[in-house]
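Take a look at the structure below.
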Amino acid sequence: MLETIVFYAFAAILLGAALRVITARNPVHAALALVLAFFTAAGIWLLLRAEFLAITLLLVYVGAVMVLFLFVVMMLDVNLERLREGFWKNLPMAVVVGGIMAFELVAMLASRHFGSATSTRVVPAGYSNTRELGRVLYTQYVYAFEIAAVILLVAIIAAIALTLRRRKDTKALDPALQLAARREERVRLVSMPAETER
Amino acid sequence: MSLAQLLSHLRALPEMVLLAGACALMLVDLASKSETRRLSYLFAQGVLLIAFCATLFVLSESEGKRYYIFYGLFVSDLLSHVLKLFAFITVSAVLVYARPYLHERGLLKGEFLTLLLFALLGILVMISANSFLSLYLGLELLTLCLYALVALNRDSAASTEAAMKYFVLGALASGLLLYGMSMIYGATGSLLFTDIGPQTAALAASSSSMRTLLVFGLVFVVAGIAFKLGAVPFHMWIPDVYHGASTAVTLVIGTAPKLAAFAMALRLLVNGLPALAVDWQQMLVVLAVLSMALGNLAAIAQSNLKRMLAYSTISHMGFMLLGLLSGVVGGNRLNAVDAYGAAMFYTAVYVLMSLGAFGVLLLASRQGAECERLEDMKGMNRRDPWLAFLMLLMMFSLAGIPPMAGFYAKFAVISAVVQAGQLWLAVAAVAFSLVGAFYYLRVVKLMYFDDPAGVAVPAGGGSARWLLSVNGLALLALGLLPQGLMALCQAAIRSL
Amino acid sequence: MKTLYLLVPLAPLAGAILAGLFGRALGRAGAHTVTILGVLVSFLASCWIFADVLEGNTFNGTVYTWLTSGGVTLEIGFLIDRLSALMMVVVTFVSLMVHVYTIGYMAEDPGYQRFFSYISLFTFSMLMLVMANNFLQLFFGWEAVGLVSYLLIGFWYTRPTAIHANLKAFLVNRVGDFGFILGIALVLAYFGSLDYAQVFAEAPALAAPVTLICLALFVGAMGKSAQFPLHVWLPDSMEGPTPISALIHAATMVTAGIFMVARMAPLYELSATARSVVLVIGGITALFMGLVALTQYDIKRVVAYSTLSQLGYMTVALGASAYSAAIFHLMTHAFFKAVLFLGAGSVIIALHHEQDMRRMGGLKAAMPVTYWTFLLGAISSAGIPGFAGFFSKDAIIEAARHATIPGAGFAYLCVLACVFVTAAYTFRMVFMAFHGAPRYDAHRPPHESPAVVTVPLVLLAIPSVLAGWLVGRFLPVDSAWDFVVHGLVSLPFWLALAGIAAAAILYRRPSSLPKRIAMRLGPLYAVVERKYGFDELYAWLFGAGARVLGTGLWKAGDQTFIDGLMVNGSARVVGWFSGIVRLAQTGILNTYAFLMLFGILAGVTWVIWRFWS
């Protein structure tokens, strides 16, 4: 009973925070609302006894990604409001379509098939969520894990390829080039006939 | 793990070779100082060749049987081998066609080659996927590379915009696909197609509300497939991306990924959800008809050749869907080999035609003189008769004029549709093909009957020209002697 | 052996492609070398196959399956038996001779390579037709030879008469093809197969409308083989270069109809009605076209009408169930008619493209080789015992005499009378062109043609004399010699002699006798001379009639329906539609994403709607 109450509380906060993310005019507020959404999502995962995933979500998304995002927003002074100009204009239409869709989804999913939100399976003593996850990740899903690694690699390559720009007018020094320079390349001795003053 | 178990993973040898090769290519590229990237290019082609041979090895070793490895996430059957072989050939040809074009524009970077190989890896993963997970990851790998490839031409505003659109819409489509997958996973409790197949059959038979739930998830899955194929109404990215990307990248997007999209549709729908065939076939009917109608009609109004070919892609994918939707009739799969075989044949031939058409555009383009508007084709026959003739072959084939391969492909699909008893669909397909013939033949008319406009630019030569000739003549040969390829496709389908 | 079969049609095809596509690179000599080489290879292979078939080795099989659709397989296959092997030899031999002859005849023509490419292509098509083992391939060959024929009739496309003749041939053949397609469609509908062997095997048991099928197919044969009343295109086709007249419009293509009916013999044997029709049509064509030949002065037209008449003979033989006699006559006719045509061509070049016999005469001394070969061809044509034409023609007359189906008596009378007419017009030609006083332009005296022209003439003259002796097995009597002896005392021989005598009396020396006879016959002569007015009738009936109908249709159908509704309408629809598409393809991301979601929404709504209803 208590669990159910906690779940619905978290769910309500999550939805509210998510809504705030897209409606907040101030980008910093939006980012903070997103942090809140992550927090509550992690809470729901804890309810489902997925401790490892909940902690990871906090560490990775809240701790790293969102902080980085906030830095970028604050440092670059991006005017998100201008980027989202169309948002308010399209809102009525979006509300109608979204409303119909939400209604349909509820009509479908409020049925009997996803009845229990909590797992009824009894967990043996000494069961470690993290260990099980690790075991499955490196056995059953090793193939998927490898492909995910490749995707990350591609992301790195793509990011570098798209952003790395060597400026033509840069004054930065290249020590390797400097050291490799030889005398013949820098100094040219020219022999000229001596000119005498008359 | 015993040695035999370890060795069984060699069935993924082509993927391993490609991964290792792509990683090594990044290092090799450091040593490739010249502007032509000769070393990297040759290395990439070498990797493709080795991977091709590896596939042949796996194929011969499998003796026509089907194997599952990596805990069922990876399937190795004849279909996967054949599609992989097609993919290697396609990407190799893409490299040959794109190289001079990229070189002239200073775009021939190591990243292009590397990303292309990784994209190919994504295609291979999709082709061999036997699980929602591997399919989805392969898809992401492929599309991530494609986004980056489109954006690679950083100085072009059009390319950047196209990449942005592609990325956002692609992410949306991925979300939809994942949502659908999660729905089906929730109902069946498995990610493996081999489990989902019987599970869905049992569930769908158990209660009508359960069936509705599965179909609900199916809607999202089909939407994901439709986006990848570019079927209406999930097609909006195609014209903009084809148009915005540099022609070399358009060539990449327009060819090998179609094989992956076909494999994706086949694996998800035919392997995973055959029990819902009645439902997804109805969805595909709508997608196919809309795609053929919109693709063909909108193509007529285009003045940009790349955009025209983009709409033509939409219509062709619609046509291919006709094959996919006529496999199961009244609950039995008697028509399956014919119908899916026809669809596969269509896809392979389409890839070949698309390669050739964009190849001609690449070859006819020069620095400062892009060949991408319809007017650029004017008087092509006067400037370069052989290139014009090759383009004529491609256009005839795309329009489905006998004896080109495009005709036979259309014929096979239509006869499969007729066998499935969908006579009105066949009539519609023929009608839209006739509409489509107009804009292909207009290109021919421009090439042969109009006076050249502007400055005559000499078209490039070299290996690309040779390969293009082979490409065009192969379409002719396949139209005259289609049985070999058709038998191969049907054998591949039988292995499903 | 299969490779050899393939070699026969493919060698000329290769020649045609080389000469057609790379004609400029090959040059004139190169073009004729490759094509002649191709046909030579084909001819030698055909001879080999013929010898093989005579030993009893026949073949019926698929070479290549193009596609399978709904249980019907469309394939390329060969049926090699005596009939097709003989046809192959005849076709390749005549084609080879014509190729060689063309070197001389077309020497000054700018379209030299094009011409060689066409005639090689024709040879390929004809061989495909002859070797077919199914209706589809037969139809392919049928249309392909027709196509090349149109191309060649209009070869000199700057001449308006050539274009007119071309159009006429095309239109008349459409009528025939319509029947032919109908026949094939009926076969497919009732038998569910296009394979000869299967159709023939099932025909007796099946309750198919065999008579209808046979008649429809025969309409096709009437078009291609120029049988009354679809004969009008053949005389006009003489606008094409003479080698073409010899190859296509005498020896090979026009006999395709005869060949086809002979091939379909198992079907025709099931329908006496159809054979009666064939018999009567053949009889009419033989006699009445022969009569027209008597009144013409253009040497090529005389030969053309003679061809019509001879085709009539073959048709009579088909109707009388004497299929082997028909094919026998087809073969001998191919030889002697080729001689006559090429001889006429030789005369025409010698006289600088003069075709009117009234301006010839006395060429015997100037052109001995042409004269003697022409004479041999004429004797053979007239059916003098011992010469090739005699054997086949007598076999047909005998067959017509013994036939019992309705119409046989009429046909017999026709062919018998035609013997006289044939001899008369053939020798009229000989006498007018080669004997008597010279009437040509004395300033430009004729010379004997070069060797490339005369050698084929001689080579073709040999079989037109001897072919009958070699093919004794077709004859109803025990030995060829007995047949000759019998022929000497039979009615046709005396009729032929009478014809020659009549020609000699009237035309040996210039006299006013022919004119007086013409005057005496009055309107009858005029009717024959005007070719019974068929051209005018068709021009009036179809030309004017079609124009009236066409104007009506044009106003009602074309202007309002097609142009207004279909063409402009569809253009408007397309324009409107692409306007809408352009409206949606805004380039704005929101629209795109929205459309995708809309698609999803439609799908979900569909699911829910189905669930609730």
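Coordinate-derived values only; no laboratory data. Keep in mind the model is a prediction, meaning the values are calculated, not measured. Here the Cβ is made from the backbone with ideal geometry for all residues, glycine too, and neighbour counts use every protein chain on show.
Output ³J(HN,Hα) for the stretch B:401-409: one whole-Hz value per residue in order, computed from phi by the Karplus curve 6.51 cos²θ - 1.76 cosθ + 1.60 with θ = phi - 60°, and x for Gly and Pro.
9, x, x, 6, 4, x, 5, 5, 4
What are the ³J(HN,Hα) couplings of the stretch B:259-273, residue after residue, when phi is run through the Karplus curve with 6.51, -1.76, 1.60 and θ = phi - 60°? Round to Hz, x for glycine and proline.
4, 5, 5, 4, 4, 4, 4, 5, 5, 5, 7, 7, 6, x, 10
From the Cα gyration tensor of the stretch C:214-295, with a ≥ b ≥ c the square roots of its eigenvalues, which class applies: rounded if a/c is under 1.5, or else prolate if a/b is larger than b/c, or else oblate?
Here the stretch C:214-295 falls in the oblate category.
What list of ³J(HN,Hα) values in whole Hz, one per residue of the stretch A:33-41 in order, does the Karplus curve 6.51 cos²θ - 1.76 cosθ + 1.60 (θ = phi - 60°) give from phi, with Gly and Pro shown as x?
4, 5, 4, 4, 4, 4, 4, 5, 4
Can you give me the P(r) profile for the stretch C:318-433? Cα pairs, bins 10 angstrom wide beginning at 0, each as a whole percent.
Result returned by the calculation: 14, 39, 27, 15, 5, 0.
Taking the Cβ of residue C:407 as the center, what net charge do the other residues with Cβ under 15 Å away carry, scoring Lys and Arg +1 and Asp and Glu -1?
Taking every other residue near residue C:407 into account, the sum is +2.
Taking every pair of Cα atoms in the stretch B:261-409, average 1/r, invert it to obtain the Kirkwood radius, and report Rg/Rh to two decimals. Walk me through the numbers before you get to the answer.
Details: Rg = 17.7 Å, Rh = 16.7 Å.
My calculation of the ratio gives 1.06.
I'd like the projected area of the stretch B:103-247, averaged over all directions, using the convex hull of its alpha carbons. Report it in nm² with one decimal.
9.0
Along each principal axis of its Cα atoms, how long is the stretch B:207-249 end to end? Whole angstroms, biggest number first, please.
Largest to smallest, the principal-axis extents are 51, 15, 9 Å.
Extending each Cα 7 Å along its Cβ direction at residue C:206 and residue C:17, get the distance between those two points in nm, one decimal.
About 3.5 nm separates the two model spin labels.
What are the residues whose amide H is under 5 Å from the amide H of residue B:131, where those residues sit 5 or more places off or on another chain and H is modelled from the backbone?
For residue B:131, the qualifying residues are B:193.
For residue C:265 paired with residue B:20, estimate the spin-label separation in nm (one decimal), with each label point 7 Å from Cα along the Cα-to-Cβ line.
In this crude label model, residue C:265 to residue B:20 measures out at 7.1 nm.
Classify the stretch A:129-198 as rounded, prolate or oblate from the Cα gyration tensor: take a ≥ b ≥ c as the square roots of its eigenvalues, call it rounded if a/c is under 1.5, otherwise prolate when a/b beats b/c and oblate if not.
Note, shape of the stretch A:129-198 comes out prolate.
Can you list, largest first and rounded to whole Å, the semi-axes you get for the stretch B:329-418 by taking the square root of 5 times each eigenvalue of its Cα gyration tensor?
Whole-Å semi-axes of the equivalent ellipsoid: 35, 12, 9.
Within chain B, what's the longest stretch lacking GluC sites (Glu not before Pro) that sit in DSSP loops with no more than 10 other Cβ atoms inside 10 Å? Provide the component values of the computation, followed by the final result.
On the way: sites that count: B:35, B:63.
Between the exposed loop sites, the longest stretch runs B:64-496.
Would you check the stretch B:3-494 for Lys pairs whose C-alpha atoms are within less than 15 Å, ignoring same-chain pairs closer than 8 in sequence, and give me the count?
Taking the Cα cut-off of 15 Å, the pair count is 5.
Dividing the alpha-carbon Rg of the stretch B:3-494 by 2.2 N^0.38 Å yields what?
Compactness ratio reported: 0.93.
Let me have the 222 nm mean residue ellipticity of chain B computed from DSSP H runs of 4+ only, each contributing -39500 (n - 2.57), with the sum over all residues rounded to the nearest 500.
Result for chain B, helices only: -25500 deg cm²/dmol.
Only sites in a loop by DSSP and with at most 15 other Cβ atoms within 10 Å count here; which GluC sites (Glu not before Pro) in the stretch C:1-108 make the cut?
Sparse-neighbourhood loop GluC sites (Glu not before Pro): C:55, C:108.
Which residues' amide hydrogens lie under 5 Å from the amide hydrogen of residue C:75, considering only partners 5 or more residues apart or on another chain, with H built in the peptide plane?
The answer is C:66.
For the stretch B:1-125, treating each Cα as an identical point scatterer without solvent, what Debye log10 I(q)/I(0) comes out at q = 0.21 1/Å?
-1.12
What are the semi-axes of the equivalent ellipsoid of the protein assembly as shown, taken as the square roots of 5 times the eigenvalues of the Cα gyration tensor, listed largest first and rounded to whole Å?
77, 36, 28
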